[in-house]
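Note sheet for the following structure.
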Amino acid sequence: MSLEVGMIVEGKVTGITKFGAFVDLEDGKTGMVHISEVAPTYVNDIKDFLTEGQNVKVKVLTIGEDGKISLSIKKALPQQKRPTSYQNKTNNNTQKQYSPRPGNYEWQSSKKSEPSSFEDMLSKFKQTSDEKMSDLKRMENKRGGYSRRGNSSKQ
């Protein structure tokens, strides 16, 4: 069976570099998973996600005319099952759980409050704005900020 772009196949990680991992595929072919295609989150150190000898499912992204095969692990994951952490990485037959960086995509608060009235939102905005203004004024005073009365120099 020959490889085609878009296929999802299984392979074994045979080498890890700082920029990606090499995966042995069927028919003795080898492809490379770039570090940006390892996980659905930022990967600083690929060894946090993969180990040599690990079996992985990969999607064939491209097959170059020179025979180079580009692969993706994150695109081989089903849409609804793309995890925010890998639980299947094993090392010395012990299960380890690795959470990705930088924080499971929780850039906004996970607390979903009930819809507020306009007045509540306006009040919260004013409070936040007042706090920011007072912090700004405090910083201005600490630095010996400029005078708002004008710059009249004595000669």
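The values are calculated or read from the model by the stated rules, or taken from the named source; none is laboratory data. Please read all numbers here as calculations on a predicted model, not as lab measurements. Because the Cβ atoms are built from the backbone with ideal geometry, glycine has one as well, and the counts that use them run over all protein chains shown.
Entry remark, region 3-37: residues being assigned to a strand (DSSP E or B), farther than 11 Å from VAL58 by Cα and in contact (Cβ under 8 Å) with a residue 60 or more places away in the chain number 0 in total. Sort out which residues of region 38-96 are more than 18 Å from GLY15 (Cβ to Cβ), assigned to a loop (DSSP other than H, G, I, E, B) and at pLDDT below 70, and write them in order of number. Listed by number, the residues that qualify are ARG82, PRO83, THR84, SER85, GLN87, ASN88, ASN92, ASN93, LYS96. Annotation: SER109 fulfils all but one of (1) exposed (fewer than 12 other Cβ atoms within 10 Å of the Cβ); (2) modelled with pLDDT of 50 or more; (3) hydroxyl-bearing (Ser, Thr, Tyr); the unmet one is (2). Restricting attention to region 8-37, the residues being in contact with a helix residue (DSSP H, G or I) (Cβ under 9 Å, 6 or more places away or on another chain) and modelled with pLDDT under 90 number 0.
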